[in-house]
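Participant: Here's a structure for you.
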Amino acid sequence: MTTHRRRLRGAGTLAAVAVCLAAAGPGHASDTTPRLGGNTMIFPSVPGEAVDGLFAATRAAHLGMARVDIQASALFPRSEEVADWSTLDLASQAGRQYGVKVLGLLYGVPMWLSSCSPFDPLFYRCPPRDYGAWARIVARIAARVPDVRHWEVLNEANLTPGYFHGGPVEYARFLRVTSKALRRGNPRARILFTSVVPEYRAWLRRVLRQPGTLRSFDIANAHLRGGVAKLDEMVRAALRDFGALGFHGPLWVTEAGYPSDPAYQFDPHFRGTDLAGGERAQAAYVVCAARNMLAAGARRVFLPVRDLEAYRGLFASEGLITWPVRRAKPAYTAVTRLARRLASRAARGPSRRGSGRERERRRRARAPGRGSGQHACPAVR
């Protein structure tokens, strides 16, 4: 597809979120924020037009990075010798076109390489039976897209049962091999630990105590959801937990969201009684949550860009945009405003006088009133 045609198709997609784009205003490469990213939920099955539109929507919201699924089993479906680069190339090209960095969520051991039975529908979640072959295809993936510098090694590997059918010792081995291969394919690669989900402490302790594992990643990673008043402490706890085990680098929160469907809104301070009220509550929550997590020490926070289709539940309506019928929610506009403020602040550079006052203002804004039951952020009316 030519660049001209891709832009036209992206423009058609973005027409569905016209309200948000009007709020976002004209875009420049320097006006995205590195503090916020979009969890696009771009899977290999997502068609090219939708990939284009999701990158365009991420860029229009001034989010500096898009988290994209990179499924090795889709790239090497039959053997190590023959690769299908179409889905990887599509995401890489869209990132370059829209000036959005890509975080590659790497997973999916191919069927021919999986240690599980080929008749197991979840074969791609199992460790490879040949780590040498796995390392070779991972190095080829990283070398194929040198502009993708950040790689997350598996999603929520500490869940049992979950996205990785192996224990903490096996994940440590998987991380070490995968990290080394990614860096061989791209010496500039930065490696994210898997996104841990509470309660993860015992699992994390066993992983990081395996020899060589601490040197296998550059960025800690967590998925945090809960009441707004708890999120800042959850960030600080994650930083403490990684630090106590010897890792003192940055922490990213690669998933943080809140449903717009009132039936699943769990924070009593952010709850609607109908669809419109639920969407307003979501908008207020995600901005407050992002601000609190960033202030508590998270280096970057990713918010879901779109809803999940063909699914109903807690995570289905977390997107800033409805899906597959594309309509911007109030949360998209609210996040765009926050991202523009963060980008503008970064462009101005640090101010010693202002930074202390700003930190104190944020601290007071987050602190509940004594004995009053007042919440850290205003309740939605």
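The values are calculated or read from the model by the stated rules, or taken from the named source; none is laboratory data. Here the structure is a predicted model, which is why all the values come from computation and not from measurement. Cβ coordinates were reconstructed from backbone atoms using ideal geometry, including for glycine residues, and neighbour counts include every protein chain displayed.
Participant: Given the conditions (1) crowded, with 19+ Cβ neighbours inside 10 Å; (2) part of a helix (DSSP H, G or I); (3) among the charged types (D, E, K, R), and given that residue 136 satisfies all but one, which numbered condition is not satisfied?
Facilitator: Unmet for residue 136, out of (1) crowded, with 19+ Cβ neighbours inside 10 Å; (2) part of a helix (DSSP H, G or I); (3) among the charged types (D, E, K, R): (1).
Participant: Filter the range 284-304 down to residues that are touching a Lys or Arg at 6+ places or on another chain (Cβ under 6 Å) and under 16 Å from residue 319 (Cα atoms), then give me how many there are.
Facilitator: 1
Participant: Can you find a residue in the range 98-117 that is under 16 Å from residue 144 (Cβ atoms) and surrounded by fewer than 17 Cβ atoms within 10 Å (Cβ to Cβ)?
Facilitator: Within the range 98-117, none of the residues are under 16 Å from residue 144 (Cβ atoms) and surrounded by fewer than 17 Cβ atoms within 10 Å (Cβ to Cβ).
Participant: Name the residues in the range 299-327 that are small (Gly, Ala, Ser) and surrounded by 24 or more Cβ atoms within 10 Å (Cβ to Cβ), would you?
Facilitator: Passing the criteria: 317, 319.
Participant: Let me ask another. In a helix (DSSP H, G or I) and either at pLDDT below 95 or under 21 Å from the mean Cα position of the chain (by Cα) (or both), is that true of residue 141?
Facilitator: yes
Participant: Looking at the range 44-63, is at least one residue at pLDDT 95 or above, of a type in the set (A, V, I, L, M), surrounded by fewer than 24 Cβ atoms within 10 Å (Cβ to Cβ) and closer than 15 Å to residue 154 by Cβ?
Facilitator: no
Participant: Just to verify a result, which residue in the range 264-283, among those that are of a type in the set (A, V, I, L, M) and touching a Lys or Arg at 6+ places or on another chain (Cβ under 9 Å), is nearest to residue 301 (Cα to Cα)?
Facilitator: Taking the candidates together, the pick is 283.
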